[in-house]
Structure formats: structure tokens, C-alpha cells
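Q: Below you will find the structure I want to go over with you.
All of the numbers you see were taken from the coordinates with simple rules; none came from a lab. None of these values were measured; they are calculated from a predicted model. Here the Cβ positions follow ideal geometry from the backbone for every residue, glycine too, while neighbour counts run over all protein chains shown.
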Amino acid sequence: MESRARPNRLGVLGWVGGGRWGFERYLYTLHRLTGLGLVAYFVMHIFVTSARALGPESWEQAMDVVSGPLFAVGEYLVFAAFAFHAVNGIRLALIELGFAVGRPIEPVYPYATSVGRQRRLARAALMVAAVIALWGGLDFFVLA
Amino acid sequence: MAGTGPRRVTFRLRRFEPGTDREPRWEEHRVEVSPGMTVLDGLWKVKELHAPSLAWRSSCRMGICGSCGMLINGRPRLACNTQVAELGGDVVTVAALPNFGTVKDLVPDLGSMFETHRDLMPYLLRDDPAEQDDPTREYRQTPGELERYLQFSYCIKCGCCMAACPTVATDPHYAGPMPLGQAQRYNSDSRDGGFRRRRETLSGGGGPWRCHFAGECSQVCPKGVDPAKAIQLMKRDLVVDLLRLRRRRPPAPVADEPHGTPREGIAAPPPRTATAEG
């Protein structure tokens, strides 16, 4: 839908300017950043694996480049981003289907909001994502 | 008594006059504040003593009209509903609501929000065109049906939710929490039959799916309307409708004509408001 321009728009600063408010805004921002990170990884992944089409030598060279410790940390960050993005995405899908936000209520001060009502779900999602990320860390750096 | 007497606070104000100023500028004025004093009272004091040309919008002074939405210490609030004491500190920073244009100083241009609001038909839509144009009587509604939208009907259109929303901050095409919340208010009304017409209006990409539940709109709403909840319930209704599981119901019927004791005091219906068609 078209609307008139809003020249005083906060822009990307509006994503991070949430220091006084609920932590759902940080989840919102982190969800966007991890999504962009995963897209960047997929592009890089296709670029690296496409070296196979150029022959075995190109493939070996590409593997040499990405087998260093820096790339191992990078891969782990991708995994952690995936863990957060996937679990938080499930939380958002549940909320978008009307779960955990409650029914309309009579607004009586101090107001109870859907944000507070779903807070336990948000905390649970963060904990699950943290467990998956920790498990991935063990697999990447200890058990590997 | 210590701590309850007058104290001096600095009002840091964002001044901007489009057409004259190239950039917004910040002004600081120290005024004496007393317990119970609101930010709006402080602005009046600044205008009276230091900055007579300072402009803002306000009317009721009691959190009802929704005129005095401002960015106060980094958070969208009603100036009349915010006491200086509750902010803490000795500096009160006031700017026009962001994510809107600025008319002058602390006056946001809410026109874009109201245009979107109007596009989403914030009124009862009836299936019967004759009834739409010339309503017969009241429509029947149970208390339970009223509760499905009552919370959303408390919106005062102050624009605080739009200023707090991080999606509105970056996406000029997103309808925003206020218009979407009000669309859901009417979609949820048993007297309304406009769900599909509003859905078509929202199909251009600026609809509820742009919301990713940052929840700021509900956090800052001064009336407890909870636009984030309204938007999620709208998404649920759209999914249910897409799956063809939405129960199709006609709008609530016209209530029976009262009989028995005749109504007193209403000799005749008020004259119709003139329309564009005459």
C-alpha cells in the first residue's frame, strides 16, 4: 500500500533503539540480522562449492581456503544463527497463528499486553536455541 | 519538605520549521517544575517564559484526544499523560514523533497514517448497500461479541505506536500498527461484513505480514489497545480464511423495532449529512 513519505523516519536506527523497552525488539533485530547472515552464507556456500565444476584442483584450493580456524568459527556462527533463527521463527509462527497472545481484554491500568503474555514462550525459545547452539559448539570444537 | 518542592529541569527541545530551517536544531530551556507537573505543563511554561514561537499539538490534557503524542526521553508518549517526575533526571528531551513528517517543531504530520486508516475503511460495512447508506436501526450484538473488539476500539489515534514500530521506521509501504489494529477492530465486529474488502486493500504487501512482533506498539500504547495483538489475530483470521475454514456469517441483523413503551425524546431522526453526491 502506498503512503506519503515520512521524512523523519528513524531508519535502521529504529531497529536498535530499544534500550528502554522489552527484549522482543532485540529478538526482532537479531532475527533480521541472523536471516541476512544466513542468506550471505548461502551465497558464499554456492560460490565455494561451485569450484567443483572447475575441476579437482580448484576444489582442493577452495577447501584449503575454508579449512582454516577462522572459517571454523565462522561456520559455528552460522550454525548458532541458524539455531536462533529457526527456533525464533517457530515462536513467531505460533504467535502469528494467534497462540500465546491471548484474547482481547478490557484494558485496565496497568495494562497487560500480548507482549508480556508471550514472554514465557520467548524465554523458552531462547533457551532451546541456546541449548542447540551449545550442543553445536561441543560438536564443532570439542568432539570434532 | 525535602524532595517535594519545586526544582529546575532542562527541557531539551527539537525545533524545526520546514521551509525555513534546513536542519532540525536543539534548544535548551530551564524551567521550574513542581510535583504533579506534566511534560505538557512544562512545554506551556517554556512557551510562556522562553520560546513563544514553540509549536506543538494538544487539546484535552487528559489522555483522551491523542493530540500530544511526542518522543519524550526517547520514547513515544502523550505529553499530558507523562509527569516530569516519573522521567527522573534533570533533562527532559522532547521531539516530534519520528516516522512521520514534521509540520513544525513538535507537531508531527499524521496525514499519511490517517490516509492509510481511511483506506482500510474504519467503519461498519454492511452487505446490503441500502442498509449501508441509510441504516434502519441498531444492530443486535451480545456482550461476548462486544468483547472481541472492545479493547481495540479504545484507540485514540495518537500515532505513538507508529513512532515506536521498527518496521514503520524502515518500510514506507507498511500500513503500520494503528491502521491495521483498527482494521481488525472492525473485522472482529459482529455487525461488520467488510473482512474481504479490507483483505483486498491489504493485499499489496503493506499488510499485517510485515509485522514481526517487535511488540513496541503495544509497549508504548497509552490506552492499552495492544495493536500487536490485533495484528496477530488478523494474521490468524487471514490464514483461517485462506484455508477456507473461516465461518462465513452475515453481519448482525437489524434489531427488532422496539414495541411496548414508545421511545421518548427522539421526535425524528437527525437530518442526513450531505454527501459528495448531494
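Q: Treat each spin label as a single point 7 Å out from the Cα along the C-beta direction, and report the B:ARG118 to B:SER34 distance in nm.
A: 4.4
Q: Related question: So which cysteines in the protein assembly as shown don't have a second cysteine's C-beta under 4.7 Å from them?
A: When partners are defined as cysteine Cβ atoms under 4.7 Å apart, the protein assembly as shown leaves B:CYS68, B:CYS80, B:CYS155, B:CYS158, B:CYS160, B:CYS165, B:CYS211, B:CYS221 without one.
Q: Mind telling me which of B:HIS117, B:HIS50, B:HIS259 comes out most flexible in a GNM of chain B, alpha-carbon contacts under 10 Å?
A: Residue with maximal mean-square fluctuation among B:HIS117, B:HIS50, B:HIS259: B:HIS259.
Q: So, one more: Would you mind pulling out the separation of the Cα centroids of the stretch B:234-254 and the stretch A:99-134, in Å?
A: So the two Cα centres are separated by 26 Å.
Q: Still on this structure, please answer the following. Quick one: which of A:54-62, B:66-74 comes out on top by average Cβ neighbours within 10 Å, and what's the full order, highest first?
A: Most protected by this proxy first, the peptides run B:66-74, A:54-62.
Q: Moving on. Tally Lys and Arg at +1 and Asp and Glu at -1 over the other residues with C-beta under 13 Å from the C-beta of A:HIS85: what net charge comes out?
A: Values: positive: A:ARG32, A:ARG91; negative: none.
Once all neighbours under 13 Å are counted, the net charge is +2.
Q: Pop the C-beta distance of B:ASP256 and A:PHE140 into the FRET formula with R0 = 60 Å and round what comes out to the nearest 0.05.
A: Details: r = 72 Å, r/R0 = 1.20.
After rounding to 0.05, the efficiency reads 0.25.
Q: Still on this structure: Could you list the trypsin sites (Lys or Arg not before Pro) in the stretch B:1-96 that lie in coil according to DSSP, counting only those with at most 10 other Cβ atoms within 10 Å of their Cβ? All intermediate terms of the calculation are to be shown ahead of the outcome.
A: Values: sites: B:ARG7, B:ARG8, B:ARG12, B:ARG14, B:ARG15, B:ARG22, B:ARG25, B:ARG30, B:LYS45, B:LYS47, B:ARG57, B:ARG61, B:ARG77; in loops: B:ARG22, B:ARG57, B:ARG61.
Passing sites in the stretch B:1-96 are B:ARG22.
Q: Go ahead and run the numbers for FRET between B:TYR154 and A:SER50, Cβ-Cβ distance against an R0 of 41 Å, rounding to 0.05. Don't skip to the answer; put the middle values down first.
A: Values: r = 57 Å, r/R0 = 1.39.
Once rounded, the FRET efficiency stands at 0.10.
Q: Taking the stretch B:130-186, which GluC sites (Glu not before Pro) meet the DSSP loop condition and have no more than 12 other C-beta atoms within 10 Å?
A: Values: sites: B:GLU131, B:GLU138, B:GLU145, B:GLU147; in loops: B:GLU138.
Loop-located and lightly packed - B:GLU138.
Q: Given the options A:VAL128, A:VAL43, A:VAL115, state which has the largest fluctuation in a GNM of chain A using a 10 Å cut-off (strictly under) for Cα springs.
A: A:VAL43
Q: Once amide H atoms are built 1.01 Å from N in the peptide plane, which residues 5 or more positions from B:TYR139, or in another chain, come under 5 Å H to H?
A: B:ALA255
Q: Hey, can you grab everything whose amide H is under 5 Å from the amide H of B:THR93? Only 5+ residues off in sequence or another chain; H modelled, so Pro and N-termini drop out.
A: Hits under the 5 Å cutoff: B:ARG12, B:ASN73.
Q: Next question. Averaged over its residues, how many other protein chain Cβ atoms are within 10 Å of peptide B:217-225's Cβ atoms?
A: Whole-number average of other-chain Cβ neighbours for B:217-225 is 5.
Q: How about the stretch B:123-164: which chymotrypsin sites (Phe, Trp or Tyr not before Pro) there are in a DSSP loop, with at most 14 other Cβ atoms within 10 Å of their Cβ?
A: Sites meeting the loop and neighbour criteria: B:TYR123.
Q: Among the helices of chain B (complete DSSP H runs), which have Cα atoms covering no less than 20 Å along the helix axis and a Kyte-Doolittle mean of at least -0.5?
A: The answer, listed by residue number, is B:227-242.
Q: Can you give the angle from 0 to 90° between the axis of helix A:69-96 and the longest principal axis of chain A, with both taken from C-alpha atoms, to the nearest 10?
A: Roughly 30 degrees, rounded to the nearest 10.
Q: Pairs on different chains or at least eight residues apart, Cα atoms closer than 23 Å: how many lysine pairs in chain B fit? Each step should come with its number before you reach the end.
A: Details: B:LYS45/B:LYS104; B:LYS47/B:LYS104; B:LYS104/B:LYS157; B:LYS157/B:LYS223; B:LYS157/B:LYS229; B:LYS157/B:LYS235; B:LYS223/B:LYS235.
Within chain B, the lysine pair count is 7.
Q: Something else about it: Tell me the mean residue ellipticity at 222 nm calculated for chain B from its helices only (DSSP H runs of n ≥ 4, each -39500 (n - 2.57), averaged over every residue, nearest 500). Write down the numbers at each step before the final one.
A: Numbers: 11 runs with 83 residues, N = 278.
Calculated from helices alone, the mean residue ellipticity at 222 nm is -8000 deg cm²/dmol.
Q: To test your reading of the geometry: what angle, between 0 and 90 degrees and rounded to tens, separates the Cα axis of helix A:119-137 from the longest principal axis of chain A?
A: 10
Q: Helix A:56-66 versus the longest principal axis of chain A: what angle, 0 to 90°, nearest 10, using Cα atoms?
A: Around 50 degrees separate the two axes.
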